[in-house]
Amino acid sequence: MSHMHGRSSTENRLNLGANYSPGTMKTPESESGLALLARLGTRPSLKNIDSHFFPAGLDPCDIVEISGNRGSGKSSFISHLILNSLMPEAWCGLKLGGSSCGVVYIDADLHFSILQMENMLQRRIKKMVKSARAELKGLGGRKTAGSLICSPKTFQDFLHSGKRQQESEINKLTRDCLKHLLYLKCTDSFQFTITLLSLDELAQNRDNISLIVIDSISAFYWYDRTYKAGTWYKLEQHYNRIFKTFLGHIRKHKLVLLTSRQALFQKRPLKEERKTSYQNEDEEGDFDATDYEYLGREWASGVTHRIYLSVDTLGETSNTNLPQEQQVQDVQGSVCQSEESFSIMDKSTQERTTYLAEVNGKNNMKNKVTFTIHEDGIRHLVVKD
């Protein structure tokens with residue numbers, strides 16, 4: 001009996017081995033201890049990146065797509081959110097409201113200017129310092145709710161340090177912020193694809209990174225359509241393979257993805273929309289499905305927030321219709337209530353183009369925000385229902 005039992009066990013093992021082949025066997029997934037720590041660790045939060053556009057903040061794994069026609073403010077909108085991410089929450093007794101996180105900027109349109117980014121950052125800091133100085137003077141050194149000042153004594157010490165020392169501190173803050181910005185330039189489709197697929201290794205080695213920015217995700221669409229795929233179906237399969245891996249890296253490392261998308265196709269009337277197999281019928285609304293489908297199923301189903309930017313041509317949002325205390329706001333949404341703070345406006349808001357952001361977020365969250373673009377970033381005007 002024992003002999004028969006041993007023979008049966010041997011046959012079972014042989015039969016079991018016969019069911020496997022090199023093509024079907026899977027090796028165990030492995031990762032280094034550093035990669036495991038980076039994946040399981042806590043990255044800086046983007047909950048406070050901008051309460052006007054994202055009232056509930058941005059969560060890890062969120063994917064934000066920004067679209068709009070040429071001249072609709074996409075680049076300035078992205079720069080504004082990048083600075084909100086790079087800046088610290090507080091500095092020299094001043095409440096900056098930033099997220100203090102690392103940002104990876106993937107430039108596929110080749111429009112990025114580090115000098116413009118530096119200039120915008122310095123103007124923003126100086127504007128907030130000037131606003132806080134006026135606030136401190138009007139309040140007699142007291143700290144109030146909604147104040148720009150989180151530590152009156154520290155901020156007063158900064159003001160008393162002299163102009164040269166103040167400039168030195170501002171320059172140091174600027175360098176510290178830009179030190180956490182990693183710039184990657186992609187000049188062709190192949191380089192762009194390799195960059196997206198190599199995000200896994202990049203995220204493993206940089207645990208302070210929370211935000212990935214791509215400008216723009218559709219930069220090489222026409223090249224890919226012409227030289228990589230002769231038909232839409234083949235191009236969709238090509239994009240599906242890339243985005244499945246790339247978005248998997250975003251979710252694996254709990255990152256937030258912010259990307260612009262070019263308006264390559266004109267929007268059609270909603271009544272003529274072509275229903276696609278992957279479109280959620282509950283999401284029919286202000287946006288046409290054709291705006292998103294050309295990047296493929298994986299991308300369309302992965303986006304959690306869609307923002308459509310346009311020039312507000314209705315003229316309904318002049319900030320003279322707002323209460324006086326809401327007419328001048330800093331780039332983080334804090335109100336400068338002192339009359340002296342009105343002098344910091346580099347140009348009247350009424351003389352600037354007003355832009356409209358239509359935000360479709362998670363859980364059917366929808367809102368509309370109007371804003372103007374200034375040398376120090378975006379200034380919000382009003383939230384529409």
Options Ser147, Ser218; residue that is hydroxyl-bearing (Ser, Thr, Tyr), surrounded by 15 or more Cβ atoms within 10 Å (Cβ to Cβ) and in contact with a strand residue (DSSP E or B) (Cβ under 6 Å, 6 or more places away or on another chain): Ser218
Matching residues in the range 221-268 - criterion: being within 21 Å of the chain's Cα centre (by Cα), on the phi < 0 side of the Ramachandran plot and open to solvent by 80 Å² or more (accessible area, probe 1.4 Å): Lys244, Arg251
Number of the exception - Asn119 against (1) closer than 18 Å to His305 by Cβ; (2) open to solvent by 50 Å² or more (accessible area, probe 1.4 Å): (1)
Matching residues, the range 167-192, being part of a loop (DSSP other than H, G, I, E, B) and surrounded by 14 or more Cβ atoms within 10 Å (Cβ to Cβ): His180, Cys186
Complete set of residues in the range 204-233 that are part of a loop (DSSP other than H, G, I, E, B), in contact with a Ser or Thr (Cβ under 7 Å, 6 or more places away or on another chain) and under 19 Å from Asp62 (Cβ atoms): Ser216, Ile217
Qualifying residue in the range 93-104 (condition: charged (D, E, K, R) and in contact with a Phe, Trp or Tyr (Cβ under 9 Å, 6 or more places away or on another chain)): no
Answer residue from the range 42-78, given it is assigned to a loop (DSSP other than H, G, I, E, B) and among the aliphatic types (A, V, I, L, M) and is most open to solvent (accessible area, probe 1.4 Å) among those: Ala56
Failed item in (1) at pLDDT 90 or above; (2) more than 18 Å from the chain's Cα centre (by Cα), with Val359 passing the rest: (2)
Any hit, the range 137-150, residues being under 20 Å from Leu46 (Cα atoms), at pLDDT below 95 and not in a loop (DSSP other than H, G, I, E, B): no
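Yes/no per residue for (1) in contact (Cβ under 8 Å) with a residue 60 or more places away in the chain; (2) within 28 Å of Met120 (Cα to Cα):
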site	(1), (2)
Arg164	no, yes
Thr174	no, yes
Phe192	yes, yes
Glu201	no, no
Ile214	yes, yes
Arg225	no, no
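The values are calculated or read from the model by the stated rules, or taken from the named source; none is laboratory data. In this text the structure is predicted, and so the values were computed from the model without any measurement. Glycine gets a Cβ as well: all are built from the backbone with ideal geometry, and neighbour counts include every protein chain shown. The area values use the complete protein model at the heavy-atom level, side chains included, leaving out ligands, DNA and RNA. Shrake-Rupley method; radii C 1.70, N 1.55, O 1.52, S 1.80 Å.
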